[in-house]
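One structure is given here, and the rest of the page talks about it.
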Amino acid sequence: MTVRSRIAQQAYELAQPVVEELGLELVDAEYKKEGSSYYLRLFIDRKGGLSIDDCETVSRAVDPVFDRELHADTDFFEVSSPGLTRPLVTVSDFRRHEGEEVEVSFYHPINGVKSLTGIIEAAGEDSVVFRSGNDTMEVTLPDIASAKLTIKF
């Protein structure tokens, strides 16, 4: 689980049912001071990607909930995608990207391999199955040092 500030955690908990009702996934929430302003950001996603309209829909749906129930000094509220380069960390991150190619490195060699580029075949509760060429490898989440989508142009 991501470590969040108290306000970001409260925002996450308030927004999650609203975002899920819209058929999207709430990936994270962030509350931080930048310069003299406080920003509250929600990061949403869905398999296949998002549109700017999705972000606007979530913003309009969540804003009144925050006005009623979130007691925070916030100057700006933003909703966005986590971005293509965001690391995959949680089981839901890996599930969302099943069938997609990723670059993965491990804390220690697994079956003689310290890193690989492969397809996410499946994500269980505490492990992920990767296919690289004709080989498959099941790896527990604690053994994964980093994972990110392969970006192809």
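Here are some residues: 116, 88. Which one is surrounded by 17 or more Cβ atoms within 10 Å (Cβ to Cβ) and in a strand (DSSP E or B)?
116
So which of 96, 86, 131, 41 is under 25 Å from residue 4 (Cα atoms) and at pLDDT 90 or above?
After ruling out the rest, the residue left standing is 41.
Among the numbered conditions (1) surrounded by 12 or more Cβ atoms within 10 Å (Cβ to Cβ); (2) in a strand (DSSP E or B), tell me where residue 107 comes up short.
With (1) surrounded by 12 or more Cβ atoms within 10 Å (Cβ to Cβ); (2) in a strand (DSSP E or B) applied to residue 107, the lone miss is (1).
Scan 102, 113 and give me the residue that is out of contact with any Ser or Thr (no Cβ under 7 Å at 6 or more places or on another chain) and among the aliphatic types (A, V, I, L, M).
113
Restricting the first residue to the range 99-114 and requiring it to be at negative phi, which pairs with a second residue that is among the aliphatic types (A, V, I, L, M) and not in a strand (DSSP E or B) meet a Cβ separation below 8 Å and a spacing of at least six or different chains?
So the pair list comes out as 102/88.
When the residues of the range 122-141 are narrowed to those that are farther than 13 Å from residue 92 by Cα and in contact (Cβ under 8 Å) with a residue 24 or more places away in the chain, which ends up surrounded by the most Cβ atoms within 10 Å (Cβ to Cβ)?
Out of the qualifying residues, it is 130.
So, residue 53, is that one farther than 24 Å from residue 73 by Cβ and loosely packed, with under 11 Cβ neighbours inside 10 Å or not?
Answer is yes for this residue.
Any chance the range 56-74 includes a residue that's assigned to a loop (DSSP other than H, G, I, E, B), among the charged types (D, E, K, R) and surrounded by 15 or more Cβ atoms within 10 Å (Cβ to Cβ)?
no
Anything in the range 13-57 that is closer than 17 Å to residue 67 by Cα and without any contact (Cβ under 8 Å) to a residue 24 or more places away in the chain? List them, or say none.
13, 16, 17, 56
Restricting to the range 1-19, give me the number of residues that are part of a helix (DSSP H, G or I), more than 15 Å from residue 72 (Cα to Cα) and out of contact with any strand residue (DSSP E or B) (no Cβ under 7 Å at 6 or more places or on another chain).
Residues meeting the conditions: 2.
Taking only pairs six or more apart or across chains, which ones have beta-carbon atoms under 9 Å, a first residue in the range 63-90 that is among the aliphatic types (A, V, I, L, M), and a second residue that is part of a loop (DSSP other than H, G, I, E, B)?
Cβ pairs passing all conditions: 84/151; 88/97; 89/2.
The values are calculated or read from the model by the stated rules, or taken from the named source; none is laboratory data. A quick note: this is a predicted structure, and the numbers were derived from the prediction, not measured. In this analysis, Cβ positions are derived from the backbone assuming ideal geometry, glycine residues included, and neighbour counts consider all displayed protein chains.
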